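> Can you keep this structure in mind? I'll have questions shortly.
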Amino acid sequence: MLLVLFIVVSITFFMVHSIPGDPLSASVENLPEATRANYYARYGLDKPLIVQYFMFWKLFITEGSLGESLKYPGRLVEEFIINYAPVSFGLGIWGLVIGVLLGIFLGILAALYKNKLPDYISTLIALIGICVPAFVLAALTQYFFTVKHNWFPTAGWGEPIHYVLPVLCMCFSPIATYCRYMKSTTLDIIDQDYILTAESKGLRRPAIIVKHVFRNTLMPIVTMLAPSVAGLFGGTFVIESMFAIPGLGTYFIKAINSRDYTMVIGMNFLFTATYVFSLLVVDLLYLVIDPRVRLEVKQNRRSVSSNVSEQ
């Protein structure tokens, strides 16, 4: 995890600094030469790039800071993360949870009623989630639910009603992903011999779905959740912009447009850390979900212990 974080942050550092232009040139071009020199010295931009690189890591290791924003002087990057990450995470987690649950339900329903009305409806919803971009869904929901009928506010944040339309737009992508997966997996499982055996013993269809179908798809679902959780912040950028939500996405886009080096590096650090940490959690969940993984780990430990004792 630490190695991945180091590599990604290092690559990001040199990439953002390779963008043509200067993040301070527009704001200090009318100032005296001495004042401009002081601004560049304050952020270390007057030093060679490799020196700036080591200064960044020294600041992070010694003080735990990601640096001061170039666009918002006096404010540290971690302040933005602490203040606005909960907004993006809360919005994303609601969209992910609802989307995953609905996707699993619709996928199983489509498999059980193949080539029937539930299958067609589930396939249509999945196609919408795949083909229609998030900003189009956001525009359509705003027009229908706010302009046409005035049921929900167009923008704003702070009240439960403000969650409805953004979460609705964010649901479609996970619904499409998990619906397609659950449909194909369920179709494969329901033809297995142990499913036919369970049916011959008189086990009811709901019990078969819960004990056999869903249980056998749980491991791949958990595996798919890792990149989904990592995309909670990245997936909210467009939605936050469309609904004027004060999350990290808004500031990340502003940071890219204004070449705010420290902000871009700091937020990319957060996204990468979220991703690698989610992979770690998935690996740990394997031990809880599948007893075969725990058995394999124990067998490996015994094998190592026996080899050490023999030596």
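The values are calculated or read from the model by the stated rules, or taken from the named source; none is laboratory data. Owing to the predicted nature of the structure, the values given are computational and were not obtained by experimental measurement. Glycine gets a Cβ as well: all are built from the backbone with ideal geometry, and neighbour counts include every protein chain shown. Heavy atoms of the whole protein, side chains included, go into the accessibility calculation; ligands, DNA and RNA do not. Shrake-Rupley method; radii C 1.70, N 1.55, O 1.52, S 1.80 Å.
> If you take the residues in the stretch 99-116 that are surrounded by fewer than 17 Cβ atoms within 10 Å (Cβ to Cβ) and hydrophobic (A, V, I, L, M, F, W, C), which one is farthest from MET170 (Cα to Cα)?
Of all residues in the stretch 99-116, those surrounded by fewer than 17 Cβ atoms within 10 Å (Cβ to Cβ) come to 101, 105, 113-116.
Subset that is hydrophobic (A, V, I, L, M, F, W, C): 101, 105.
Working: LEU101: 13, PHE105: 17 Å.
Restricting to residues being surrounded by fewer than 17 Cβ atoms within 10 Å (Cβ to Cβ) and hydrophobic (A, V, I, L, M, F, W, C), the top hit is PHE105.
> Is it the case that ILE50 is at pLDDT below 85 and part of a helix (DSSP H, G or I)?
no
> If the requirement is being touching a residue at least 12 places away in the same chain (Cβ under 8 Å), open to solvent by 50 Å² or more (accessible area, probe 1.4 Å), under 27 Å from the mean Cα position of the chain (by Cα) and farther than 20 Å from GLY92 by Cβ, which of these qualifies: LEU127, LEU168?
Result of the check over LEU127, LEU168: LEU127.
> Every residue in the stretch 174-207 that is assigned to a helix (DSSP H, G or I) and open to solvent by 70 Å² or more (accessible area, probe 1.4 Å), please.
Result: ARG180, ASP188, ASP193, TYR194, LEU196, GLU199, SER200, ARG205, PRO206.
> Filter the stretch 130-165 down to the residues that are among the β-branched types (Val, Ile, Thr) and in a helix (DSSP H, G or I), then identify the one that is nearest to the chain's Cα centre (by Cα).
That would be ILE130.
> Within the stretch 5-18, can you find the residues that are at pLDDT below 85 and either open to solvent by 70 Å² or more (accessible area, probe 1.4 Å) or more than 18 Å from MET263 (Cα to Cα) (or both)?
SER18
> Whether any residue in the stretch 20-30 is at pLDDT 75 or above and open to solvent by 30 Å² or more (accessible area, probe 1.4 Å) is what I want to check. Write out each step before concluding.
Of the stretch 20-30, the ones at pLDDT 75 or above are 20.
Narrowing further to those that are open to solvent by 30 Å² or more (accessible area, probe 1.4 Å): 20.
Yes, there is a match, as at least one residue in the stretch 20-30 is at pLDDT 75 or above and open to solvent by 30 Å² or more (accessible area, probe 1.4 Å).
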